[in-house]
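Engineer: This is the structure, below, for whatever I ask next.
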Amino acid sequence: MSFPRKTHWTKDVKPELDGKEVVLSGWVWDIRDIGNIKFVLLRDREGMVQLTIKKGSVPDSVWSAVASLNKEDAIVVRGIVKASKIAKAGVEVFPSEVYVVAKSKPLPIDIWGTVETDLDTRLRFRSVDLKRPINSLIFRVESEVTRAIRETLYSHGFIEVFTPKIIVTSTEGGAELFAVQYFERVAYLAQSPQLYKEELTASLERIFEIAPAYRAEKHNTNYHLNEFISVDIEEAFANYTDVMEVLEDVIVNVYGKVAEAFNDEFSKYGIEVKVPKKPFRKITYDEALGILERRGLKVNWGEDVPKGGMEILSEEFGEPFFIIHFPTDIRAFYTKPLESDPRISESFDLVIDGLEIASGSSRIHIKEQLIDALRKRGLNPESFESHLVIYDYGLPPHAGWGLGLYRLMMVLLRRDNIREVVLYPRDRFRLEP
Ligand code: AMO
């Protein structure tokens, strides 16, 4: 069937277009029938608009096409815009042509009611679930978030790169790698672009990557997945404080751009995005342990700050904050120790609403020190040969961070479960759809 192409999104059908012809396309959200008049609410990605069809004022073919509609049928409509005092958006469209391009059976989940279907069922029918406007909104926001991240990083002189996701060595230490059969040998899915991004500072200087990372962790929490999108940066001739400033800018711009683009729509759902202020508070690991002890949570020096600890600290500070200077031993091998006290490192985590959103550090850029650091962690420098050789050719001091995109989405939109902000989450038990 041939049909005309969309000229307007529903959100752009405004009273100013009164008298103009438009072509709209989308799905039938609702139908109201009062005898000789039918009202169809047409939904597309950006919103809804009312179609008004009067018997006798439209060709019979349009009337019968509308009479046969079911909820969620996909339609294309040509019609005339009329400013209206009665219709909700102050505007309605009187169709002259209606094309029913795909029929819909009754849906397996309720997208109209006030009560959400349980998350498991929603994820099973994910693409149907996304017909519910609040659910697709999450992914429209995510796209704005990645745009804001890219814009901020470009403005700081970073360029976007792509590194391989099939690799031979672990980058973060530990055994949390997925093995893949790569012809005659075994390879692994990358846990992070860490080593590549560090190597690239020797030529491209400031780089970023937004790409999947794979961790074969058996976690079953609301904030871990086995595949997630990692936003990584690395900057040459810079240290951890420099890249923390970049991170602050990224966060503030993301919140700012999202608030600007979506706060009107958010108000319908009781979501409010408040833009945090720079600079963010910075507390040392030692200070964090002190605060936690006063609040009744004992964390031994040399242990990571647990999730519960981050929640307490967020209660204390409200706003996003950094924990800096973690013990060297609990950070990855490439992390640079403080010159004044090598037991602690030039490292940081960014915490928002009790969740670790990003972590980063200055890196060791001296080959012998890196070999030592590998050995101390029981890793074999020979397995890192192709990486270590780069350190012989003017690898500059550098620093960077990795940010979990989905965790950022969780805190931005105040969702409790990471799976809600991921189109097709991959967790221990979910490989489909
Ligand atoms: P790290 O391992 O801390 O650091 O990861 C960086 C950020 O990625 C997110 N993240 C996750 N999100 C969802 N599910 C997971 N299983 C998961 N694991 C991590 C978190 C975390 O803060 N190479 C370093 C970064 C660097 O130093 O540049 C790294 O990967 O938000």
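The values are calculated or read from the model by the stated rules, or taken from the named source; none is laboratory data. Since we're looking at a predicted model, the values are computed, not measured. Here the Cβ positions follow ideal geometry from the backbone for every residue, glycine too, while neighbour counts run over all protein chains shown. Keep in mind that these areas ignore ligands, DNA and RNA; they rest on the heavy atoms of the full protein, side chains included. Shrake-Rupley method; radii C 1.70, N 1.55, O 1.52, S 1.80 Å.
Engineer: Output the number of residues of the stretch 55-70 satisfying the condition of being more than 11 Å from Ile37 (Cα to Cα) and within 44 Å of the chain's Cα centre (by Cα).
Structural biologist: So the answer is 6.
Engineer: Quick one: in the stretch 1-23, of everything that is closer than 13 Å to Arg78 by Cα and charged (D, E, K, R), which residue is most open to solvent (accessible area, probe 1.4 Å)?
Structural biologist: Arg5
Engineer: If you go through the stretch 273-290 one residue at a time, do you hit one that is within 17 Å of the chain's Cα centre (by Cα), open to solvent by less than 80 Å² (accessible area, probe 1.4 Å) and in contact (Cβ under 8 Å) with a residue 40 or more places away in the chain?
Structural biologist: yes
Engineer: So, one more: Taking Lys6 as the residue in question, decide whether it is within 30 Å of Ile138 (Cβ to Cβ) and either basic (Lys, Arg) or in a loop (DSSP other than H, G, I, E, B) (or both). Working first, answer last.
Structural biologist: Values: within 30 Å of Ile138 (Cβ to Cβ): yes; either basic (Lys, Arg) or in a loop (DSSP other than H, G, I, E, B) (or both): yes.
For Lys6, the condition - within 30 Å of Ile138 (Cβ to Cβ) and either basic (Lys, Arg) or in a loop (DSSP other than H, G, I, E, B) (or both) - is met.
Engineer: Please pick out the residue among Tyr154, Tyr182 that is surrounded by fewer than 17 Cβ atoms within 10 Å (Cβ to Cβ) and either closer than 18 Å to Leu405 by Cα or touching an Asp or Glu at 6+ places or on another chain (Cβ under 7 Å) (or both). Show your work before the answer.
Structural biologist: Details: Tyr182 fails: either closer than 18 Å to Leu405 by Cα or touching an Asp or Glu at 6+ places or on another chain (Cβ under 7 Å) (or both).
It is Tyr154.
Engineer: Follow-up question, since we're still on this one. Name the residue, out of Thr121, Thr114, that is modelled with pLDDT under 95 and not charged (D, E, K, R). Walk me through it before giving the result.
Structural biologist: Working: Thr121 fails: modelled with pLDDT under 95.
Of the residues listed, the single one that is modelled with pLDDT under 95 and not charged (D, E, K, R) is Thr114.
Engineer: Report, ordered by the first and then the second residue, all pairs with beta carbons closer than 6 Å, sequence separation of six or more or different chains, a first member in the stretch 215-236 that is of a type in the set (Lys, Arg), and a second member that is outside any loop (DSSP other than H, G, I, E, B) and buried (at least 19 other Cβ atoms within 10 Å of the Cβ).
Structural biologist: none
Engineer: Okay, moving on. Can you tell me which residues in the stretch 197-217 are under 13 Å from Asp232 (Cα atoms), within 11 Å of the ligand (Cβ to nearest atom) and not in a strand (DSSP E or B)?
Structural biologist: Lys197, Glu198 - these are the residues of the stretch 197-217 that are under 13 Å from Asp232 (Cα atoms), within 11 Å of the ligand (Cβ to nearest atom) and not in a strand (DSSP E or B).
Engineer: To continue, here is another question. Inspect the stretch 126-139 for any residue being modelled with pLDDT of 95 or more, under 30 Å from Val22 (Cβ atoms), of a type in the set (Gly, Ala, Ser) and assigned to a loop (DSSP other than H, G, I, E, B) and give the result as yes or no.
Structural biologist: The answer is no, given that none of the residues of the stretch 126-139 is modelled with pLDDT of 95 or more, under 30 Å from Val22 (Cβ atoms), of a type in the set (Gly, Ala, Ser) and assigned to a loop (DSSP other than H, G, I, E, B).
Engineer: Quickly run through the stretch 338-364 and pick out the residues that are over 26 Å from the mean Cα position of the chain (by Cα) and over 16 Å from Asp242 (Cα atoms).
Structural biologist: Once the filter is applied, which keeps residues that are over 26 Å from the mean Cα position of the chain (by Cα) and over 16 Å from Asp242 (Cα atoms), the stretch 338-364 yields Glu339, Ser340, Asp341, Pro342, Arg343, Ile344.
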